[in-house]
Amino acid sequence: MEKKKVWLLVSIMGVFLVAVGVSFALWYMRAEQTSTNEVMSDCFKIEFESGIGITLNQAYPMIDKEGLKNDPYTFTLKNICNSSARYQINLETLNVSGKALPDGYLKVNLEEDGVSVITTKLEESIQVDVTIEGAMKAYKLLTEVLGPNEEKEFNLRLWMHEDVGVSDDSMNASFAGKISVTTSYKKTEPTIADAIKSMPIVTSGTGLYEVNHPESEFIEELSQELSEKQKANLKMTEYRYAGRNPNNYVSFNNELWRIIGLVNTPEGQRVKIRSTGSAITAAWNTNGSTTEHDANEWGNSTLMTYFNHGNYFNNSLTSEAKEMIDTITWNTGSTGDYSNINVMSFYNLERSNQKNCSTGDSCNDIIVKPTIWKGNVALMYPSDYGYSTSGNDADHRLTCLNTSLDSGWLYNWSCMNNSWIFYTAYIWTLTAAARTSSASGVFGMDQGGHVYDSTASRETWSYPVVYLKLNIDITSGDGTVGAPYELTYRNEEL
């Protein structure tokens, strides 16, 4: 009985469909698309230009300082398309005739655009699949992204490291290897950097401002430790948040942070963020002294160790936050006479060769110090504070930018009260002061709203600052304090 019911239903549906077909045949319309559907493939091509290979005769174990003086193997990667590309640089070991030098005896250094990105024992690098026919092993040295039409130059150096002892397998042996580069297409998706670039630009009031760095305004020579390309990166147009309370809130490390802006680094533009709640009260440095000439040396400082190797990095940062933080070349240049230095001048001097005083009867800061430091967590610059004001209006902002961050900003309410960074306490910055009397001065901003230097051993507030990697997306939020931008890390390993 059930089967009969099913067949009856099918028969009725069949009749209905026939009826519809007849009705459609009597009333007929035809429309045709006027445009053409197109499918276009993206451009994907990477050019590889190679230099002369490394030849080390009569090699012997050496310290890193000597190994880094060896002549490099130089090669260039160039993206000739408008799409981005991921690339991975490997060093692949080859067979040799005779006795082979063990991989574990070698140290490798790779520079990108003049800045060292890796120095490690070869055997401690991550092993990956070989791509060169006949290769024995492949070690991954670097994985990064080439932006549209971007070009990067690399230098590779090899040497026997100092731990190699006198043994039979380290003598009269040889090593052979080749660089291999594998690339893959990177789908271009909006990131937090893209989102900032697409936001409306304001010229007065609270919001996102364009900040230009004209060549003519660079009054100091940029650090000699930077390549020409890195120097050019520091002069690009930036996008910085300014005003009393812009919508630049972001959720990071399970805390509320704020976006300083899309700012320049030697590696290119990165989103720079500053904590609002992870401040600590501590001395900038307790390791150095004025007699040792290194009290205001960031690479030797107490805060640098705490933020990058100590309790903060190990216990206060989540694994997700660490994954999002980029390793960046921070500029550590300085200035001595700061009483008449405005925001743009501070920006230049922070990135200059100047790091020690050279004149004055009491000048003891005579050791030439590094003007760059490569790491993850640091502090804001004085110029970050200066660019964060909107003034009362466009004219007042211009006045604030053109007057001294010291005397011109001292109790200047239109400048400091319209800066979201201003805080009624002394706060450390990254930048050292080249005093004529000692090597202990470091700049900070104080409750009077101006920038001046204090002794590095002073215990006061410090807010950690980081640069985000390029592949960070915004998943939700509008940047307000109630709905901060939520971030996610997009893993783009090959």
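The values are calculated or read from the model by the stated rules, or taken from the named source; none is laboratory data. Predicted model, so just to flag it, every value in this text is computed and none were measured. Positions of Cβ are backbone-derived with ideal geometry, glycine not excepted, and every protein chain shown enters the neighbour counts. Quick note on the areas: whole protein, heavy atoms, side chains included, nothing else; ligands and nucleic acids left out. Shrake-Rupley method; radii C 1.70, N 1.55, O 1.52, S 1.80 Å.
For the range 443-484, what value does the Rg/Rh ratio take when both radii are computed over Cα atoms and Rh is the Kirkwood radius, given to two decimals?
Ratio value, two decimals: 1.17.
If you take the C-alpha gyration tensor of the range 140-198, multiply each eigenvalue by 5 and take the square root, what semi-axes do you get, largest first, in whole Å?
Square roots of five times the eigenvalues give 42, 13, 10 Å.
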Report task. Extending each Cα 7 Å along its Cβ direction at Asn340 and Gln447, get the distance between those two points in nm, one decimal. Result -> 3.1
Report task. Report the label-to-label distance for Glu459 and Asn287 in nanometres (one decimal), using points 7 Å from each Cα along the Cα→Cβ vector. Result -> 2.0
Query raised in the report: Which length gain, in nm to one decimal place, applies between Arg490 and Asp163 when the Cα-Cα distance is subtracted from 0.36 nm times their residue separation?
Result: 113.9 nm
Query raised in the report: Which value, to two decimals, describes the C-alpha radius of gyration of the range 197-346 once divided by 2.2 N^0.38 Å?
Result: 1.18
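Quick one: of Lys107/Lys374; Lys121/Lys272; Lys152/Lys235; Lys99/Lys137, which pairs are farther than 27 Å apart, Cα to Cα?
In this structure, Lys121/Lys272 exceed 27 Å between Cα atoms.
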Query raised in the report: Using unit Cβ charges (K, R positive; D, E negative) and no other charged atoms, how large, in debye to the nearest 20, is the dipole of the range 92-174 about its Cα centre?
Result: 260
Query - Principal semi-axes in Å for the range 112-153 [√(5λ), Cα gyration tensor, largest first] - result: 23, 16, 8
Requested in this report: May I ask for the percentage of alpha-carbon pairs in the range 381-494 that lie more than 16 Å from each other?
Outcome: 67
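When ligands, DNA and RNA are left out and all protein chains stay put, how many square angstrom of accessible area per residue does the range 376-494 have with a 1.4 Å probe?
Per-residue value: 34 Å².
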Requested in this report: Hey, can you find the accessible area per residue of the range 135-242 for me, probe 1.4 Å, expressed in square angstrom?
Outcome: 50
